[in-house]
Amino acid sequence: MINRAKTLAIVIALAAFIGGWQLGHNLDNPAQITSSVGGASYSGGFQADGNELVHGALPPRSADAIGQTLIVNPGDSIQAAVEVAKPGDTIRVMPGIYTETVYIDKDDIHLVGVIQAGERATLDGLGKLNDAILYSGNNILIENFKITRYKGNGIMSQAGNNFEIRNNLVIDTGIYGIFPQLGSNGLIEHNVVSGIADAAIYVGMSDNIHVAHNEVFDSVAGIEIENSRHAIVENNYTHHNTGGILAFITPGLPIKTTYDVIIRNNFILDNNTPNFGAPGSTVSGIPAGTGILVMAADDVIIEGNIIVNNKVAGILINDHANASGLTLDPDADPNPDRVMILDNVMQNNGYDTIDEVRAFALTELHTGDIDIFQIGPTEGSCIINRHRYHHVGIGDFADCDFTNTDNIHSYLLAGGAKPRVIEPSERGEIAYLGVCTGCHAYAGRLIGPAVEEIQARYAGNPEGIVSYINAPFKIRADYPEMPAQNYLDAETQLAVARYMLTVKN
Amino acid sequence: MAASTLATLSTTHRDTFSRGWLRKLVCHLVAIGGLVFCGMATSTEATVDPTEAPIFRLADQCPPSFSLSEDNRCLLRNLYQLYNSLGDHGVGGLKTALPTHRDGFTPQQIDLGRLLFFDPLLSADNSISCASCHDPDKGFGDGLGRSVGIHGQRNQRSAPSLWNSAFLKDFFWDARAHSLEEQALSPLFSPIEMGNNPQQLITSLKAVDAYPTLFEQAFSETGGLSLDNLAIALAAFQSSLISLNSRYDQYAHGNADALNQQEIEGLNIFRSFVARCSQCHMPPLFTNQQIAVIGTPEPQDMTRDIGAEKTFASAKLRGGFKVPSLRNIAETAPYMHSGRFATLREVAEFYNGGRGHAVPEDEQLLLHWHISEPDLTSSELDRLVDFMRTLSDSSLRPDIPRAVPSGLKTLNPKTLNLKTLNLKTNKNSRRES
């Protein structure tokens, strides 16, 4: 039965080929053999630093910015060290078991586990704690930890820029293993992540990200690039997940796009693990057996991967309309445009696919293995050497006019994402109006004394104001004591003091 | 009754006096205040003799936190302007810029908007003002769960807080309006809210001595008194309701001591991927401004509100509502679109109750993917509440005008709501005679 169907399909395919050849069509012409060695490189993508050799995502610490090294021993609290650490400091955590949630709400902290003869600094959530490491600061390094048995995330950042997450083992840890979100310029490399109920490595709503040399397995999604831009996923080993590598747009999020993603030189093998994602989660819809999934993402290049033994499809490309369970979002473009498939090694994919894929394949009279499956509208997509693969739905794909991405080394930003530049005068006004005027009117008493009175007291002496706001003391018996404003940095403190002395109403 | 109302009003005014960003204006109004209070003593507080109508002067300074530009516009300044946000989307973590906001109104427009906001003349029967449902003493909500319009009509949804509405891009629970101006007009003309119509509204504003003049002051180049300018003035006032100096904000800007250990624990639960609160209530505004279907139950006497299904004509958004900001959330109980939950603790328990646990069997909702089974402990729920309470800041609360140009009583909404709900016979007492 199966043999007969295959034979039939081959006969039809041959007939189609001959028909195409006779009509002079070039759309599905196996004679179009393109060498990807030394051909044209991709000319699109993030341009700012793409041609520059960028090493890492952390800005180098200048000599005067290098702080202290704090040592944490078993029995100590890592968080206690974080609390006393100042930007520029390094926290070294000695091998042993630590059961805590570490959160870093300050900039430029390097949190480094020490590995001694294979023994690691281990964060163990005992199945009770929510997250192992949370951070919101910029210029954060998380390195060399073993993380296990947390309910939520292994490592999560919210809006931290310029981060490196390296050489961590994240095992059986909740929903996401490594989850940077809403940040720019990050490197995730040499991590081993397994047993995760959503994505082992999940890059959410981020820009300029590099994910390389990680091993991810036994998870629902291996590596997920969601609503993010300028990301490279390369040289990873993703195996025995439900889906290997994903690039997609989830509708309903505040940042609506995914584009400019390169997925290259990864091993994507045996991703047939039954889906154990939480009901309703986005990844719970991934069919078990998906090598690469591109949903609604644009400008995705797939190159040089070894994609083998994924039973639904090696590469699955779809729009939002052909996915189930997604919300409506008129602001998110539902179609995957400009998907570019260069040379990949694909073997034995789609051998036991799902009914929906099989049914659509039959409309093209395709049966049997499926390396590449595309469904739904797509514009500007292309492929080279399509004759090598079992493919469905790529009849509209053009032949790419380039064969490699050799000229793109990285999308990381040379020198890191820059903080906002605020002139001192503007800084003073922002802090004065944003903070001081809540309690001080120019004339007359509000909660604190009038600015006029403060000006008289500190005329020509902004440093006096700086000194006072760092350590306020009671001057007027009938006024409440002012809370210290020492959280403002020194530059802002002086700027606001100077500004306060100049306001006129 | 009148005496106790008077006492309440006086207290309120003493309190708000000390806030005083419109101190200059208030000084002009001292005489009016006297009139009003005299009137109250003789039980004619709803009217001020037009022949003695005082001259209102609009503020020429911006509210605090705003910088007055050379072309007389108020520009918001806050510490979040020291930061970036990814793609300028205004969502992120602690030191992240806010979403783009509305500002640039003149001090006069903002101040005129304030008078209008508190003036019951805007409702069909002069019984309620904007402030009746958006009470500064109740986080610019009304504490009712489901708001009450003219003639004691109960609405289906709760009055959203107006704090920080300058940062929002869509308005109403179902996201059906897309500007403050568009929003402002809708309740005025809704038959179950303020019940007015454009013609009556303009006619009644023109009939008040002060308004044509005040509109002329605030909108000298754009035609003075008009419906459009009324909407702009209300938008201008709402854009000045800024709450960005909570203890949470101090923590975010770098004061590690601004929150205690329990509150920080709450923050960490809030942003953890177990509870996932911050995935929709994203800092720094504590909303991602998206629609979410979360499947909260309605009050027992109410059928399911389809919410954004109507706005977007899509069953996928059935029962979906705009994610509200959590700033000042502790001030705006009860909670959710129809006020089903009385406390923040109940809200936290709802999210912990399991995906879809409150959705009736016969109801088809496409629940949001972050509605899960977080399995938080009781003490973790308490910590979440502790954290949400750190988001309160009313330091820039505007003054309630001591009098409004119509001469109608600037209603104390607390008294109003009590009367509307419990003393229906008393309705006429709030009408202009």
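Couple of notes before you dig in:
- Assessment of the range B:152-159 against the conditions (crowded, with 22+ Cβ neighbours inside 10 Å and among the hydrophobic types (A, V, I, L, M, F, W, C)) yields at least one matching residue.
- For the range B:314-328, the set of residues classified as in contact (Cβ under 8 Å) with a residue 24 or more places away in the chain and in a loop (DSSP other than H, G, I, E, B) consists of B:Arg318, B:Gly319, B:Val323, B:Pro324, B:Ser325, B:Leu326, B:Arg327, B:Asn328, listed by residue number.
- Some residue of the range A:244-263 being farther than 30 Å from B:Ala308 by Cβ, in contact (Cβ under 8 Å) with a residue 12 or more places away in the chain, out of contact with any Cys (no Cβ under 7 Å at 6 or more places or on another chain) and within 12 Å of chain B (Cβ to nearest Cβ): no
- Yes/no for A:Ala471 being touching an Asp or Glu at 6+ places or on another chain (Cβ under 7 Å) and small (Gly, Ala, Ser): no
- Residue count for the range A:432-447 satisfying the condition of being within 7 Å of chain B (Cβ to nearest Cβ) and either farther than 15 Å from A:Asn505 by Cα or at pLDDT 95 or above (or both): 2.
- Residue in the range A:457-470 that is surrounded by fewer than 18 Cβ atoms within 10 Å (Cβ to Cβ) and at the interface with chain B (Cβ under 10 Å from one of its Cβ atoms) present: no
- The lone criterion from (1) surrounded by fewer than 23 Cβ atoms within 10 Å (Cβ to Cβ); (2) at negative phi left unmet by A:Asn318 is number (1).
- Among the candidates B:Ser379, B:Ser394, B:Ser325, residue that is in contact with a Leu (Cβ under 8 Å, 6 or more places away or on another chain) and either within 14 Å of chain A (Cβ to nearest Cβ) or not small (Gly, Ala, Ser) (or both): B:Ser325
- Considering A:Glu452, A:Glu429, A:Glu481, A:Glu491, the condition of being closer than 30 Å to A:Asp105 by Cα, without any contact (Cβ under 8 Å) to a residue 12 or more places away in the chain and either away from chain B (no Cβ under 14 Å) or not small (Gly, Ala, Ser) (or both) is satisfied by A:Glu481 alone.
- Looking across the range B:340-370, the residues that are within 11 Å of chain A (Cβ to nearest Cβ) and within 28 Å of B:Asp249 (Cβ to Cβ) come down to B:His368, B:His370.
- Candidates B:Asp125, B:Asp111, B:Asp88, B:Asp137, filtered to the one that is buried (at least 24 other Cβ atoms within 10 Å of the Cβ) and either away from chain A (no Cβ under 14 Å) or more than 20 Å from B:Glu181 (Cα to Cα) (or both): B:Asp111
- Options B:Val404, B:Val385; residue that is within 28 Å of B:Arg304 (Cα to Cα), more than 14 Å from chain A (Cβ to nearest Cβ) and within 23 Å of the chain's Cα centre (by Cα): B:Val385
- As a summary of the residue check, B:Tyr80 satisfies the conditions (1) modelled with pLDDT of 50 or more; (2) within 14 Å of another protein chain (Cβ to nearest Cβ); (3) not in a helix (DSSP H, G or I) except for the one numbered (3).
- Qualifying residue in the range A:286-304 (condition: more than 18 Å from the chain's Cα centre (by Cα) and within 14 Å of chain B (Cβ to nearest Cβ)): yes
- Reported count of residues in the range B:54-67, each being at the interface with chain A (Cβ under 8 Å from one of its Cβ atoms) and either surrounded by fewer than 22 Cβ atoms within 10 Å (Cβ to Cβ) or small (Gly, Ala, Ser) (or both), is 3.
- Any chance B:Ile306 is in contact with a Gly (Cβ under 9 Å, 6 or more places away or on another chain), of a type in the set (A, V, I, L, M) and closer than 30 Å to B:Ser379 by Cβ: no
- Residue match in the range B:301-313 (condition: among the acidic types (Asp, Glu), touching a residue at least 24 places away in the same chain (Cβ under 8 Å) and more than 14 Å from chain A (Cβ to nearest Cβ)): yes
- The range B:97-147: number of residues that are polar (S, T, N, Q), part of a helix (DSSP H, G or I) and over 28 Å from B:His337 (Cβ atoms): 2
- The range B:258-300: number of residues that are away from chain A (no Cβ under 11 Å) and either among the hydroxyl-bearing types (Ser, Thr, Tyr) or not in a loop (DSSP other than H, G, I, E, B) (or both): 5
- Residue satisfying all of: in the range A:326-345; touching a strand residue (DSSP E or B) at 6+ places or on another chain (Cβ under 6 Å), of a type in the set (Val, Ile, Thr) and surrounded by 20 or more Cβ atoms within 10 Å (Cβ to Cβ); farthest from the other protein chains (Cβ to nearest Cβ) among these: A:Ile341
- Test result for A:Gly325, at pLDDT below 95, touching a helix residue (DSSP H, G or I) at 6+ places or on another chain (Cβ under 8 Å), in the same structural domain as A:Ala199 (by TED's automatic domain parsing) and closer than 22 Å to B:Val323 by Cβ: yes
- The C-beta contact set for the range B:240-253 (first residue more than 9 Å from chain A (Cβ to nearest Cβ), second residue crowded, with 22+ Cβ neighbours inside 10 Å and assigned to a helix (DSSP H, G or I), distance under 6 angstrom, 6+ apart or interchain) comprises B:Ser240/B:Ile110.
The values are calculated or read from the model by the stated rules, or taken from the named source; none is laboratory data. Because the structure is a prediction, the values reported are computed rather than measured. So basically every Cβ, Gly included, is an ideal-geometry build from the backbone, and we count neighbours across all protein chains shown.
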